[in-house]
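Chemist: Sharing a structure here in structure tokens format.
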Amino acid sequence: MSRPDASEYAAYAHIYVDRVPGDDVIGALAASHLPDLLAGAKDGWAGTFAYNPGKWTVKEVVGHLADTERVFGYRILSIARG
């Protein structure tokens, strides 16, 4: 998967897209430490750890990401089915 063109995502998202090194998005995800982080989350700390009081916990962030993926998946399915 190559880097998307700026016309393919909302203008506000460029700050996130620009943080991905190179053009290989899948490779960047595979090389990240996210799988290691999530593997250790089963110990219970993910539900309580936040970098500052009042900020989201690791569990809340991962839940938000999963919910977002569901929404975008449903949207593309709806578009594909007309």
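Chemist: Yes or no: region 64-77 includes at least one residue that is surrounded by 12 or more Cβ atoms within 10 Å (Cβ to Cβ) and farther than 22 Å from Glu8 by Cβ. Full working, then the answer.
Modeler: Taking region 64-77 first, the residues surrounded by 12 or more Cβ atoms within 10 Å (Cβ to Cβ) are none.
Looking for residues that are surrounded by 12 or more Cβ atoms within 10 Å (Cβ to Cβ) and farther than 22 Å from Glu8 by Cβ, one finds none in region 64-77, hence no.
Chemist: Here's something else I'd like to know. Of the residues in region 10-49, how many are at pLDDT below 80, outside any helix (DSSP H, G or I) and over 17 Å from the mean Cα position of the chain (by Cα)?
Modeler: 1
Chemist: Please identify the pairs in which a residue from region 3-19 that is more than 17 Å from Phe72 (Cα to Cα) has its Cβ atom under 7 Å from the Cβ atom of a residue that is modelled with pLDDT under 90 and charged (D, E, K, R), counting only partners at least 6 apart or on another chain.
Modeler: Here the result reads Arg3/Asp23, each pair linking region 3-19 to a residue that is modelled with pLDDT under 90 and charged (D, E, K, R).
Chemist: Restricting to region 50-82, give me the number of residues that are polar (S, T, N, Q), over 13 Å from the mean Cα position of the chain (by Cα) and not in a loop (DSSP other than H, G, I, E, B).
Modeler: Adding up the residues that qualify gives 1.
Chemist: Moving to a separate point now. Does Ser7 satisfy the criteria of being part of a helix (DSSP H, G or I) and loosely packed, with under 10 Cβ neighbours inside 10 Å?
Modeler: Details: part of a helix (DSSP H, G or I): yes; loosely packed, with under 10 Cβ neighbours inside 10 Å: yes.
Spelling it out, Ser7 is indeed part of a helix (DSSP H, G or I) and loosely packed, with under 10 Cβ neighbours inside 10 Å.
The values are calculated or read from the model by the stated rules, or taken from the named source; none is laboratory data. Predicted, not measured: the structure shown is a model, and the values here were computed from it. Using ideal geometry, Cβ is built from the backbone for each residue, glycine included, and neighbour counts are taken over all protein chains shown.
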